[in-house]
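Scroll down for the structure; my scribbles are underneath it.
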Amino acid sequence: MQFSFISSLISPQQANRPKSIKTAFSHTISVSTSLPKSKKDMGFGYQSKIFLLLVQVLLLVLVTLAETEVLSLSTYSRSSSNFSVSSSLRGRKVGRGRKVGRGRGLLGCDLYKGRWVEDTSYPLYAASTCPFIDSEFDCLKHGRSDTQYLKYVWKPDSCNLPRFNGVDLLNKWRGKKVMFVGDSLSLNQWESLACLLHASVPDSKTTFLHRDILTSLAFQDYNVTIYLYRTPYLVDIVKQSIGRVLCLDSINGGGTWKAMDVLVFNSWHWWTHTGDMQPFDYIQDGSTVSKDMDRLAAYYKGMSTWGKWVDLNVDPSKTKVFFQGISPTHYMGKEWGSSSRNCYGELQPIEGSSYPAGLPEAQVILNKVLSSIKKPVTLLDITTLSQLRKDAHPSTYSDSGVDCSHWCVPGLPDTWNQLMYASFLN
């Protein structure tokens, strides 16, 4: 009776478990059936049978409970691969067949759900003391007089975001090479990181080099080099007889990326450019060459090619991979309930933790691509927290026009790097 009750607890899935667990159960059966059968030993043997039967039942219960736990974890792992594109990827390691993991050392805290609050101890450096800021991002140089945008910090709802510590990060990166790969938003984050590290070790010897699409800054005392590799689409633009062709299934420039210890990818901003603003004449999708195609569809195909590159070329034991996330623009005031045409004149962040217009469509595409990658990729989910910062763009305080795409430095990109730093904390 006891055996039939215990057996009823075992599901069909558990019955098909590896032989090691079945073997343990079979072993207990063989022990109980080998008891003495003579009348002389009947009393002792009968008591032994009862004792061993109870031990056997206890053992089977423990095995069953363990199996149930394993099954539960297995089911969670499988179901978590079908991510919710709106929230379940934010700031977490992702990969097909993997559980979604949060930032190291901050388990139980969603760093990307929070609000902007004032902190007069910021910014962490002055633009005038950083030699690595391009003119287009140096808002103070161009006469921006309000400085309140420099005093906002990101405050997660359930914990405190660790303050950026450049010395600590350089020590963690000692002897390593870090590369940002992408467009001008990658440049935005790279310059912010260069300034944050320089401010932390102002007397450290540095070597700055710039050549074509590659820029590097070496902190010699730590043997750390941070690189910027400019490639707006991640996939290739190839000059052919018909003109410049954006090849959605080709990445030939990835050889330089393979030698890195940390890779921070980014791409979206240029996919929306059309006409004279786009740097290609045709788009090639497999064997099909066309003058143009749906840009979201093209973005999905291009990012899928990048995802395959990661799976084929990245060794997770040597290289940590990030994706910067979609950096938003603020060219339509109606998105945040304003009558303004763009970010010009905006002086404060949006209150609360959500953006009225919701996530951009590109983020949905990116999440879909990330969920298909087998190797670990950490998404720096900067989109929503950046959407709230309509006040942080160069606006008219730049080289030309009204820039509501990029960000002032110092400014919002410092928070992006602060979030990346948090992922390296144990």
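The values are calculated or read from the model by the stated rules, or taken from the named source; none is laboratory data. No experiment lies behind these values; they were computed from the predicted model shown. We place every Cβ from the backbone using ideal geometry, glycine too, and count neighbours over all the protein chains shown. Protein only, heavy atoms only, side chains kept; ligands, DNA and RNA dropped before computing areas. Shrake-Rupley method; radii C 1.70, N 1.55, O 1.52, S 1.80 Å.
Non-local lysine pairs in the stretch 224-368, meaning eight or more places apart or on different chains, with alpha-carbon distances under 23 Å, amount to 12.
Assuming charge only on the beta carbon of Lys and Arg (+1) and of Asp and Glu (-1), the dipole of the stretch 216-288 about its Cα centre is about 100 debye to the nearest 20. Residues in the stretch 193-294 average 49 Å² of solvent-accessible surface per residue, probe 1.4 Å, ligands and nucleic acids excluded. Annotation for Met293 and Arg174: the two label points, set 7 Å from Cα along the Cα-Cβ direction, are 4.9 nm apart. Can you list the residues of the stretch 205-247 with backbone N under 19 Å from a point 7 Å past the Cα of Asp399, pointing along Cα to Cβ? Backbone N within reach: 209-216, 228-233. Using θ = phi - 60° in the Karplus curve 6.51 cos²θ - 1.76 cosθ + 1.60, the 3J(HN,Hα) couplings for the stretch 384-390 round to 5, 5, 7, 4, 6, 9, 5 Hz; x is entered for Gly and Pro.
Across the stretch 175-222, Cα-Cα distances exceeding 16 Å account for 40% of all pairs.
Over all other residues within a Cβ to Cβ distance under 11 Å of Tyr122, the charged ones net out to -1, with Lys and Arg as +1 and Asp and Glu as -1. Packing, as the average of other Cβ atoms within 10 Å across residues, places the peptides 252-259, 213-220 in the order 213-220, 252-259, highest first. Measuring r between the beta carbons of Asn160 and Ser128 and using R0 = 30 Å, the FRET efficiency lands at 0.55. Spin-label pair Asp311-Ser145: with each label point 7 Å from Cα along the Cα-Cβ axis, the two points sit 5.7 nm from one another. Protection proxy ranking, highest mean first, for peptides 350-358, 390-398: 390-398, 350-358, where packing is the per-residue count of other beta-carbon atoms within 10 Å, averaged. Here the spin labels are modelled as points 7 Å beyond Cα on the Cα-Cβ line, and at Ser121 and Met277 they lie 4.0 nm apart.
On the stretch 307-426, 49 percent of the accessible area sits on carbon and sulfur atoms, based on a 1.4 Å probe. Taking amide H as placed 1.01 Å from N in the peptide plane, Lys320 has its amide H under 5 Å from the amide H of Val262, Leu263, each at least 5 places away in sequence or on another chain. Taking 0.36 nm per residue of separation and subtracting the Cα-Cα distance, full extension of the segment from Ser372 to Ala259 would add 38.3 nm. Across all directions, the shadow cast by the convex hull of the stretch 191-278 built on its C-alpha atoms averages 7.5 square nanometres. Subtracting the Cα-Cα distance of Val238 and Asp221 from their residue separation scaled by 0.36 nm leaves 2.2 nm.
The residues of the stretch 337-426 expose on average 35 square angstrom of accessible surface per residue, using a 1.4 Å probe on protein heavy atoms. Accessible area per residue was computed with a 1.4 Å probe on protein heavy atoms; Glu361 scores about 130 Å². If the segment from Leu214 to Val167 were pulled out straight at 0.36 nm per residue, it would be longer than the present Cα-Cα gap by 14.4 nm. Seen from Glu361, the other residues with C-beta closer than 14 Å to its C-beta sum to a net charge of 0, counting Lys and Arg as +1 and Asp and Glu as -1.
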